[in-house]
Structures are given as structure tokens and as C-alpha cells.
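Only the coordinates and a few stated rules stand behind these numbers; no lab work does. Everything quoted here is computed from the prediction, not taken from an experiment. Here the Cβ positions follow ideal geometry from the backbone for every residue, glycine too, while neighbour counts run over all protein chains shown.
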Amino acid sequence: MRQSVIVVSDKTDPEFEKIIGQGLDEFNELKAGLNDRRSLSVIVRDPDSSEVLGGAVGRTSLGLAFLDLFYLPDSLRGSGLGTKILQAFEDEARERGCGSAVLYTINFQAPGFYEKNGWVRFGEVSSDREGISRIFMSKKL
């Protein structure tokens, strides 16, 4: 039997992601009886140019929402827009039948913002870099 080849890359490959996603969807369907994995994006655009300024990216699957990326430029922070984006993400997740959501943030990013919006820490993992850790959070929706 020939041995499989393992390739490590720092490039995204849409075909690879499609194959992995389809395999995972089929496995979930077999084991859980459903396959409801979907992307979830909340996009903030400039009102004049329609340029993307920031927003949130994640997904929903099997009753759980995953908030993967959230960004706003400094000029839009502190205006309440971040809370509106987070609320829109949570509302859509609820609409899709999710009862909980999870995310991780870095200790110097926004743990206080998420806590202010009802998220709860459930774990922290330090990196090898002095003073940097990932904070894992969840919220009942």
C-alpha cells in the first residue's frame, strides 16, 4: 500500500476547503441526522462608497454559532456599532436555531467588549509569547 502524502501550506485552496467541508457535512449527516453548517457574515460598509469597513465572520452548525473574526477600524470603535454587529450575529444565529455561541479573542483585543455584551469566559490558553493568551468565551443565545 502506498503511503499518503501530507502537504502543509500557508495558502488557502478553495477546492481543498470544499472537499473537507463536503466530507464533514456527510459525516455530520450520518452521525447527527442533519447537516446545517452555514457561513454567517455581518458586513459594515461605507454609506457612500460601499467599501467594506469591518464586520464579523463565523458560521453555524448543529445548534452552535462560531464567531471566528470580528474587526472594526479605530475610527468606528466606541460608537456602539460593534455591539450592533454582535447583536446582528447573535440574532441570525438564534434565527438558525442556535442555542449557544462560542469565540476566542486575544487578551489584548476585546475580552471586555464581549463580557459587556453577556459573553462568559470558559478558558484561557497562554502562548509561548510573553503576556499573550487566547481567551475562550461562550454565550447562551
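When the GluC sites (Glu not before Pro) in the range 46-110 are filtered for DSSP coil states and for at most 15 other beta-carbon atoms within 10 Å of their beta-carbon, the remaining sites are E51. Panel note: the C-alpha atoms of the range 1-78, placed on their principal axes, show extents of 58, 32, 21 Å (largest first).
Against the chain, whose longest principal axis is taken from its Cα atoms, helix 14-32 shows a tilt of about 80°. The phi torsions of the range 77-82, fed into the Karplus equation with coefficients 6.51, -1.76 and 1.60 and a -60° offset, translate into couplings of 7, x, 9, x, 5, x Hz, rounded to whole numbers, with Gly and Pro shown as x.
Before anything else, pin down the relative contact order of the range 21-97: Cα pairs under 8 Å, at least 6 apart, normalised by residue count, whole percent.
24
Residue farthest toward the positive end of the dipole of the chain, with Cβ of Lys/Arg at +1 and Asp/Glu at -1: which of Q22, F66, S9? Farthest along the dipole direction, towards plus: F66.
Relative contact order, whole percent, for the chain stands at 16, derived from Cα pairs under 8 Å and 6 or more residues apart. Taking each of K18/K84; K18/K139; K116/K139 in turn, the alpha-carbon distance tops 20 angstrom for K18/K84; K18/K139. If R0 is taken as 30 Å, the Cβ-Cβ distance between I20 and I43 corresponds to a FRET efficiency of 0.75. Taking the structure as given and computing semi-axes √(5λ) of the Cα gyration tensor in Å, which label from (i) 22, 18, 14; (ii) 29, 20, 19; (iii) 27, 17, 12 fits? Only one option fits the structure, namely (ii).
For the range 70-141, the calculated P(r) over all alpha carbon pairs, in 10 Å bins from 0 to the bin holding the longest distance, is 19, 46, 30, 5, 0 percent.
Dipole check for the range 37-141: with +1 at the C-beta of Lys and Arg, -1 at the C-beta of Asp and Glu, and the Cα centre as origin, the magnitude is about 420 Debye.
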